[in-house]
Amino acid sequence: MAEIKGVILLFCLLAAFLLSGCATGNRNLYHWGSYESQVYNTYCEPDEASASNQIEKMEADIEVARSKGLPLPPGFRAHLGYLYFMQGKYDLATQSFEAEKQAFPESAALMNRFITQIKGQDA
């Protein structure tokens, strides 16, 4: 379990780093909502960033994105999946990783690895 947490942490840090380069682009391409601040809080202020609070905010962001007709940014679903995983909600984590893979096929190798590791948790 420590290995999967390490891999997920590495992925999320990489995603945050990569997304920081996207911050100067067209902000209307995706609905970012509170995603960037959620990732920041996860690693820089972990005592103030409970998984359940982040999940609540991110689920609200999903609804806003739907209402505006905007897609979610890269990494959003993966981060949400990580939060679900941290709460032991493996089915929701798997759904989030599958959704990330579908929205961004270039993430398939990493998302498949997470999904395989989750299946090992369920066994």
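Since every read-out is calculated from the coordinates, none of them should be taken as a lab result. Predicted model only: the values in this text are computed from it and were never measured. Here the Cβ is made from the backbone with ideal geometry for all residues, glycine too, and neighbour counts use every protein chain on show.
Output wanted: per-residue J couplings in Hz (rounded whole) for the stretch 73-82, from phi through Karplus 6.51 cos²θ - 1.76 cosθ + 1.60, θ = phi - 60°, x for Gly and Pro.
x, x, x, 4, 5, 5, 5, 4, x, 4
So what J values fall out for the stretch 101-113 if you push phi through Karplus, 6.51 cos²θ - 1.76 cosθ + 1.60 with θ = phi - 60°, rounded to Hz, Gly and Pro as x?
Listing the rounded values in order: 4, 5, 6, 9, x, 5, 8, 4, 4, 5, 5, 4, 5 Hz.
Sum up the charges of everything whose Cβ sits under 10 Å from the Cβ of residue 38, counting Lys and Arg as +1 and Asp and Glu as -1, but leave residue 38 out.
On the way: positive: 57; negative: 36, 61.
Net charge around residue 38: -1.
List, in order, the whole-Hz ³J(HN,Hα) value for each residue of the stretch 56-63 obtained from phi through the Karplus relation with A = 6.51, B = -1.76, C = 1.60 and θ = phi - 60°; use x for Gly and Pro.
For the stretch 56-63, the Karplus curve yields 4, 5, 6, 5, 5, 4, 4, 5 Hz.
At a 10 angstrom cut-off on C-beta neighbours, averaged per residue, how do the peptides 45-52, 108-115, 69-76 rank from highest to lowest? All intermediate terms of the calculation are to be shown ahead of the outcome.
Values: 45-52: 11.2, 108-115: 17.0, 69-76: 18.9.
Listed from highest to lowest mean packing, they are 69-76, 108-115, 45-52.
Quick check: pseudo-label points 7 Å beyond the Cα along Cα→Cβ at residue 5 and residue 89, how many nm apart are they?
Modelled inter-label distance: 1.9 nm.
Give me the Å³ per residue figure for the convex hull around the C-alpha atoms of the stretch 26-123.
Working: hull volume 9.6 nm³, N = 98.
Measuring per residue, one finds 98 Å³ for the Cα hull of the stretch 26-123.
How much length, in nm to one decimal, is gained on full extension between residue 113 and residue 34, taken as 0.36 nm per residue of separation minus their Cα-Cα distance? Mind showing how you got there, number by number?
Values: separation 79, 0.36 × 79 = 28.44 nm, distance 2.65 nm.
That pair, residue 113 and residue 34, stretches by 25.8 nm at full extension.
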